[in-house]
Amino acid sequence: MPVLKGEMPMLYTAEEVFDYVEQEDVKFIRLAFCDIYGKQKNISIMPEELKRAFSDGISFDASAVRGFGSEVKSDLLLFPIPSTFNVLPWRPARGKVVRMFCEIRRPDGTAFEKDSRLILKNAVKAAAEKGFSVYFGSEFEFYLFKTDENGNSTKIPFDNAGYMDVAPDDKGENIRREICLNLYDMGIRPESSHHEEGPGQNEIDFRYSDAVTAADNAMNFITTVKAAAMNNGLFADFSPKPLKNESGNGMHINISVKSGDGEDPTEFFMAGIMNRVREITAFLNPSEDSYRRLGEKKAPKYVTWSHENRSQLVRIPAAKGEYKRIELRSPDPTANPYVAFALLIYAGLEGIEKKLAVPEAVNLNLFKAEKSVTDKLEALPKSLEEAKTIAKNSEFVKKYLPANIL
């Protein structure tokens, strides 16, 4: 199966983690995981507990994690994944802090079905069994706001620059530089960064990688940005619509799919996503604010596609060879990337299996199109409640997500 030249994360073994912790003055080890809503959680342990973490796991109270369960049989265990090891570069050089993502298991050793990283791994496995590899690259948008005397966020943008402006109008330049260097130190490869359209709004894009690494990188990215903002006396806001009359924050997802037999399954894969996108929108846009973003300022409203057209749900960028991809423009940063990527893989695989045809391209600016045109188009859900209702009634979603997540 072809290998793309994407990110090359630092892959550690357990023994290498032990050696690093012992030799490099590591004082705290963060064991991280993601709840089903996409919020990163962690517990810190001392180096003396690392061996036990690998062999027996570190327990935590699942009933205190939103969506993980009740007080009955609430103990779960975290088992660190050594290949995800990285140093947090914004923490002190003396007494280093490191972090690993974890598998979540029950006390009897069985996998915890609400572990969203596991849900994505299962989707990747399903794709591999059918002879396909799927790669993801995310484009994250976020606002930088000033803070008050207590360090709490205001809604005052850090600057009033516009799209791709430069310093001194763009005051976020040095912070983006700090973020990108921190990411690089963590083995994560940002591809580009720039000021976005909104005042104080920024964008950083990732080089594509395998699905699980891409989701891990998304979680690492958000914490890295928030840490850099706080260190500069600012607040990083990833919510879909921080300012009413300005551009919302998207998490555009670039997807490449490769087949072991050399055939190009991209169009079938895209057709599968478009066929199921309304059913999975609740997981791509899981907040009330998500639906205030959709339909304006380059955020899509209709289930359409076109080449190089930023008013569409799916855009085919002008790229060739290994860079050929589809760009899904509806998701936003409140999505759980593990669940989002998993559902997109399953939808795309269905499109390949059924050889679904993509609808005719809509080569129009849908933000300016006549109502007589848009009335004929299938629309994305208009509210979170509508999106949840569609997901709840979806046999596709029920097939791939555990019932107790729904």
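The values are calculated or read from the model by the stated rules, or taken from the named source; none is laboratory data. Please read these numbers as outputs of a predicted model, since none were measured by experiment. Positions of Cβ are generated from backbone atoms using ideal geometry, with glycine treated the same way; all protein chains shown enter the neighbour counts. SASA here: full protein model, heavy atoms, side chains in, ligands and nucleic acids out. Shrake-Rupley method; radii C 1.70, N 1.55, O 1.52, S 1.80 Å.
If the cut-off is a Cα-Cα distance under 17 Å, which lysines reach Lys130, setting aside same-chain residues fewer than 8 apart in sequence?
Cα-Cα hits under 17 Å: Lys121, Lys258, Lys354, Lys355.
Suppose every Lys and Arg Cβ carries +1 and every Asp and Glu Cβ carries -1, with no other charges. What dipole size does the stretch 124-191 come out with about its Cα centre, to the nearest 20 debye? It would help to have the intermediate numbers written out before the result.
Numbers: 8 positive and 13 negative charges, 78 e Å.
So the dipole magnitude of the stretch 124-191 works out to roughly 380 debye.
When you count, for each residue, the other Cβ atoms within 10 Å and take the mean per peptide, how do 291-303, 38-50, 214-226, 332-344 rank with the highest first? Walk me through the numbers before you get to the answer.
Working: 291-303: 20.1, 38-50: 15.4, 214-226: 23.3, 332-344: 25.9.
Most protected by this proxy first, the peptides run 332-344, 214-226, 291-303, 38-50.
Restricting the count to DSSP beta bridges whose residues both fall in the stretch 1-158, what percent are antiparallel, rounded to a multiple of 5? Mind dumping the intermediate values first?
Numbers: 19 of 25 bridges.
The antiparallel fraction comes to roughly 75 percent.
To the nearest 20 Debye, how big is the dipole of the chain about its Cα centre, given +1 on the beta carbon of each Lys and Arg and -1 on that of each Asp and Glu?
Details: 54 positive and 60 negative charges, 157 e Å.
In total the dipole reaches around 760 debye.
Cross-link partners among aspartates and glutamates for Lys392, C-alpha distance below 16 Å, same-chain residues fewer than 8 apart left out?
Filter leaves Glu279.
Sort the following peptides by mean Cβ neighbour count (other Cβ atoms within 10 Å, averaged over residues), highest first: 18-26, 154-162. Mind showing how you got there, number by number?
Working: 18-26: 13.3, 154-162: 16.8.
Descending mean neighbour count gives 154-162, 18-26.
Report, in order of residue number, the helices in the chain meeting two criteria: a C-alpha extent of 15 Å or more along the helix axis, and a mean Kyte-Doolittle hydropathy of at least -0.5; treat each whole DSSP H run as one helix. Could the numbers behind the result be given before it?
Working: long enough: 116-129 (20 Å, 0.24); 173-185 (18 Å, -0.67); 211-231 (30 Å, 0.58); 266-284 (24 Å, 0.61); 337-354 (25 Å, 0.94).
Passing helices, by number: 116-129, 211-231, 266-284, 337-354.
Sorting check: for 381-389, 88-96, 276-284, which peptide has the highest mean count of neighbouring beta carbons within 10 Å, and how do the rest follow?
Numbers: 381-389: 15.9, 88-96: 13.6, 276-284: 22.9.
Packing proxy ranking, top to bottom: 276-284, 381-389, 88-96.
I'd like the GluC sites (Glu not before Pro) in the stretch 298-373 restricted to DSSP loop residues with at most 15 other Cβ atoms within 10 Å, sorted by number.
Numbers: sites: Glu308, Glu322, Glu327, Glu350, Glu353, Glu360, Glu370; in loops: Glu308, Glu360, Glu370.
Within the stretch 298-373, the qualifying GluC sites (Glu not before Pro) (loop, at most 15 other Cβ atoms within 10 Å) are Glu308, Glu360, Glu370.
Where a ≥ b ≥ c are the square roots of the eigenvalues of the C-alpha gyration tensor, would you call the stretch 1-158 rounded, which needs a/c under 1.5, or, failing that, prolate if a/b is larger than b/c, or oblate? Before the final figure, lay out each step's value.
Working: a/c = 1.21, a/b = 1.11, b/c = 1.09.
Judged from the Cα gyration tensor, the stretch 1-158 comes out rounded (a/c under 1.5).
Can you tell me what share of the DSSP beta bridges in the chain is antiparallel? A percent to the nearest 5 is fine. Don't jump to the answer; show the numbers that get you there.
Details: 50 of 59 bridges.
Percentage antiparallel, nearest 5: 85.
May I ask you to give the percent of accessible area on the stretch 235-371 that is carbon plus sulfur, with a probe radius of 1.4 Å? Walk me through the numbers on the way to the answer.
On the way: 2550 of 5480 Å².
Within the stretch 235-371, the accessible surface is 47 percent carbon and sulfur.
So for the stretch 180-284, taking the charge dipole from beta-carbon charges (+1 Lys/Arg, -1 Asp/Glu), which of Pro242, Phe221, Phe206 sits furthest toward the positive end?
Of Pro242, Phe221, Phe206, it is Pro242.
Note down, for the stretch 56-135, the three equivalent ellipsoid semi-axes (square root of 5 times each alpha carbon gyration tensor eigenvalue), biggest first, whole angstrom.
Working: eigenvalues 123, 106, 23 Å².
Result for the stretch 56-135: semi-axes of 25, 23, 11 Å.
Express as a percent, rounded to the nearest 5, the fraction of DSSP beta bridges in the stretch 226-373 (both residues included) that run antiparallel. Kindly include the intermediate steps, with their values, before the conclusion.
Values: 5 of 8 bridges.
Percent antiparallel among DSSP bridges in the stretch 226-373 is about 60.
With point charges of +1 on the Cβ of Lys and Arg and -1 on the Cβ of Asp and Glu, referenced to the Cα centre of the chain, which listed residue (Asn275, Gly131, Ala62) lies farthest in the positive direction of the dipole?
Of the candidates, Asn275 comes out farthest on the positive side.
List the lysines whose Cα sits under 27 Å from the Cα of Lys244, skipping any in the same chain fewer than 8 residues away.
Correct list for Lys244: Lys39, Lys146, Lys155, Lys171, Lys226, Lys297, Lys298, Lys301, Lys368, Lys371, Lys382, Lys388.
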